[in-house]
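**Student:** After the structure tokens below, expect a handful of questions from me.
The values are calculated or read from the model by the stated rules, or taken from the named source; none is laboratory data. Being a predicted model, the structure only gives us computed values, none of them experimental. Cβ: placed from backbone, ideal geometry, glycine included. Neighbour counts: every protein chain shown. Ligands, DNA and RNA are stripped out before the accessible areas are found, and what is left, the full protein with its side chains, is counted by its heavy atoms. Shrake-Rupley method; radii C 1.70, N 1.55, O 1.52, S 1.80 Å.
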Amino acid sequence: MADDTTNANAWRIAALEREIQELRRTNEELRVYVARELESDSEFTVVADQELAEIEVVSARGASTPAPPRPLAEFHALGPIEAFVGGRLVDLGAPKQRALLALLVGKVGRPVAVDTIVEELWSGQPPPSAVSSLQAYVANLRRVLEPDRAPRTPPTVLRTYGRGYLLDTRVVEVDVHWFGERSVAGWQALDRGDARSAVHEFEAALALWRGQAYAEVADTAYVRPDVARLEELRLSVVEGRCAALLAVGAHEIAVAELEAFVQDHPLREYGCELLGLALYRAGRQADALAVLRTNQRRLADELGIDPRPALRRLEQQILTQCASLDWHPAPRPTAATRRPPEVPDRRPVRRPPTHRDHLPRPDFFRSSLLAEL
């Protein structure tokens, strides 16, 4: 009986060993197959992790970090997507290929998963060939963005990261970042009383706009929050620029711009406040009161709210012709008090903005007022 039990156990052990060997063989075949597919498939080639790990190790050891490489590509996303390589505008190809790049620029420096890209590019209904098409778009963009890259060398600009893609911030520049920097610099200049510098910074920021941000993918759920954020920031910069114009005494120019702005955005109370002040300083007291009272009725009718205290206070000051509303030129900052620029200059804008919703900035303003700033 004991012998039968021993033989049965031995048989079970032998069977288990055979199963283990079979599993190991299957696993090895699968590993070789996957490795071969990954090597031939540009979608999932691993190129980023080791490179990033080496940088972290060098930093951790306290060694000097090498200077970042010069940008290889420049992307303009404040309007239809554009790419410049070596200072030249490049052809980004078919609409979906352009939309892919716009998605990646919208999350520059962060990987965007393949599943997310497929979902957004095909509006939730991808065809069976979606992934293959995506791989072709990526390959085409890589050839356009790095025309001098040697065969079989890993890409530098549009990189694979896990099961996704990213644009490497170490070698690319994006106008969205420039806009943020210029906007901050403009508000900082205005806060410290340097309205002339504020006008220049706000001008530089607004000149970057050519249309709706990330135009090709502005309606996708993935990018829509960034589009809304940038549009709100753009409107605040328009208001900031008009506030700076009032601070330097360009009241009539501010009136022209603010009238168009308030007509397009009637519920923005700060814009209405600036327009009321600009009209008053331009000698149009009745028009200033009409603007404030129209805004008050609109807020009550459409939102059921009262205007904020600053608007009510401005109305009373206009009625009494308060001396505090009068403009007094600020002293120019001297060389001793002038602060150095907060933001390094970027390369000049290649063309003026042409978007029809962008507020006009007359040429006579540039030639007369800005020439003195």
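**Student:** Report whether or not D148 is without any contact (Cβ under 8 Å) to a residue 40 or more places away in the chain and either under 21 Å from P80 (Cα atoms) or not hydrophobic (A, V, I, L, M, F, W, C) (or both). Before the answer, list the steps.
**Tutor:** Numbers: without any contact (Cβ under 8 Å) to a residue 40 or more places away in the chain: yes; either under 21 Å from P80 (Cα atoms) or not hydrophobic (A, V, I, L, M, F, W, C) (or both): yes.
Considered against the rule, which asks whether it is without any contact (Cβ under 8 Å) to a residue 40 or more places away in the chain and either under 21 Å from P80 (Cα atoms) or not hydrophobic (A, V, I, L, M, F, W, C) (or both), D148 comes out as yes.
**Student:** Hey, any hits in segment 228-239 for a residue that's in contact (Cβ under 8 Å) with a residue 60 or more places away in the chain, out of contact with any His (no Cβ under 7 Å at 6 or more places or on another chain) and within 30 Å of L121 (Cβ to Cβ)?
**Tutor:** We begin by selecting, within segment 228-239, every residue in contact (Cβ under 8 Å) with a residue 60 or more places away in the chain; these are 230, 238.
In the following step, the residues that additionally are out of contact with any His (no Cβ under 7 Å at 6 or more places or on another chain) were identified as 230, 238.
Retained after the next criterion (residues that are within 30 Å of L121 (Cβ to Cβ)): 230.
For segment 228-239, residues in contact (Cβ under 8 Å) with a residue 60 or more places away in the chain, out of contact with any His (no Cβ under 7 Å at 6 or more places or on another chain) and within 30 Å of L121 (Cβ to Cβ): present.
**Student:** Please go through segment 117-161 and give me each residue that is among the hydroxyl-bearing types (S, T, Y) and over 24 Å from D175 (Cα atoms), ordered by number. Break it down stepwise before answering.
**Tutor:** The initial filter retains those residues of segment 117-161 that are among the hydroxyl-bearing types (S, T, Y), namely 123, 129, 132-133, 137, 153, 156, 160-161.
Hits for segment 117-161 are S123, S129, S132, S133, T153.
**Student:** Right, next: Do any residues in segment 197-211 that are within 18 Å of F261 (Cα to Cα) have Cβ atoms under 7 Å from those of residues that are assigned to a helix (DSSP H, G or I) and among the charged types (D, E, K, R), where the two are at least six apart or on different chains, and which pairs are they?
**Tutor:** Short answer, once both residue conditions are applied: V199/R241; F202/R241; E203/R241; A205/R182; L206/R241; W209/R234.
**Student:** Still on this model: Being open to solvent by 20 Å² or more (accessible area, probe 1.4 Å) and under 20 Å from E302 (Cβ atoms) is the filter here; which residues of segment 263-290 pass it?
**Tutor:** Q263, D264, H265, P266, L267, R268, E269, Y270, E273, A290
**Student:** Are any residues in segment 93-127 in a loop (DSSP other than H, G, I, E, B) and either of a type in the set (V, I, T) or at pLDDT 95 or above (or both), and if so, which ones? Write out each step before concluding.
**Tutor:** To start, the set of residues in segment 93-127 that are in a loop (DSSP other than H, G, I, E, B) comprises 93-94, 107-111, 122-127.
Correct list: V108 only.
**Student:** Within segment 294-309, track down each residue that is open to solvent by less than 70 Å² (accessible area, probe 1.4 Å) and assigned to a helix (DSSP H, G or I).
**Tutor:** T294, N295, L299, A300
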